[in-house]
Amino acid sequence: MTDLIVVEVLLVEDNPRDAELTIRALKKHNLANQLVHVQDGAEALDFLLARGKYEGLKIDSPPRVVLLDLKLPKINGLEVLRLIKASERTRSIPVVDVTSSAEDPDIRTAYKLGVNSYVVKPVQFEAFMEAMSKLGIYWLMVNHPMK
């Protein structure tokens with residue numbers, strides 16, 4: 001792969017329903033035009049580090065935000081977060097854990113590893129859509145990323 005692409009959001013989510021709802025919420029506010037969705041931790045790291053099937057990938061600039069589930073196949077979200085924050089190439093990319101886990105150890109560990117925000121997924125449809133919309137608006141329109 002040698003295409004030059006622009007990615008604003010990397011969505012790392014293995015649950016098809018949650019991924020679809022997140023994308024729908026972002027599209028509602030025209031925030032999903034430059035979104036890439038991957039379904040496991042290994043693929044997220046391959047994408048961010050341009051390796052595996054993404055070898056040679058040229059990204060115009062790093063994603064403005066990574067929306068990262070914790071309970072992922074292959075490599076769990078906390079390990080993905082640790083590796084993102086450990087790499088010079090990806091360290092400055094904001095990572096938001098968007099997960100169903102409200103467990104204190106997960107929250108503590110995520111912040112110790114450098115997560116920028118931790119959001120527990122609302123169960124109700126409307127609340128989920130609103131939370132994802134607000135996340136997208138904040139990270140893509142309000143926040144000023146490091147250049």
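The values are calculated or read from the model by the stated rules, or taken from the named source; none is laboratory data. The structure displayed is predicted, hence computed values, not measured ones. All Cβ positions, even for glycine, are placed from backbone atoms using ideal geometry, and neighbour counts span all protein chains on display. Note: accessible area is taken over every heavy atom of the protein model, side chains too, but ligands, DNA and RNA are not part of it. Shrake-Rupley method; radii C 1.70, N 1.55, O 1.52, S 1.80 Å.
Odds and ends about this structure:
- Surface calculation, 1.4 Å probe, protein heavy atoms: TYR138 sits at approximately 100 Å² accessible.
- Gain on full extension, evaluated as 0.36 nm per residue between GLN124 and LYS112 minus their Cα-Cα distance, stands at 1.4 nm.
- Rounded to the nearest 20, the size of the Cβ-charge dipole of the chain about its Cα centre is 380 debye, with Lys and Arg at +1 and Asp and Glu at -1.
- Calculated FRET value between LYS85 and ALA42, using beta carbons and R₀ = 22 Å, to 0.05: 0.80
- For segment 111-139 and segment 60-98, distance of Cα centres in Å: 15
- For LEU49 and HIS29, the FRET efficiency from 1/(1 + (r/R0)^6), where r spans their Cβ atoms and R0 equals 25 Å, is about 0.25.
- Here the ratio of the Cα radius of gyration of the chain to 2.2 N^0.38 Å is 0.97.
- Whichever lysines have a C-alpha closer than 19 Å to that of LYS74, once near sequence neighbours (fewer than 8 apart) are set aside: LYS53, LYS85
- Proximal lysines to LYS28, defined as alpha-carbon separation beneath 21 angstrom and excluding residues fewer than eight positions away on the same chain: LYS121, LYS134
- The residues of segment 2-147 expose, per residue, 53 Å² of accessible area to a 1.4 Å probe.
- FRET efficiency, VAL6 to GLU103 (Cβ-Cβ, R0 30 Å, nearest 0.05): 0.25
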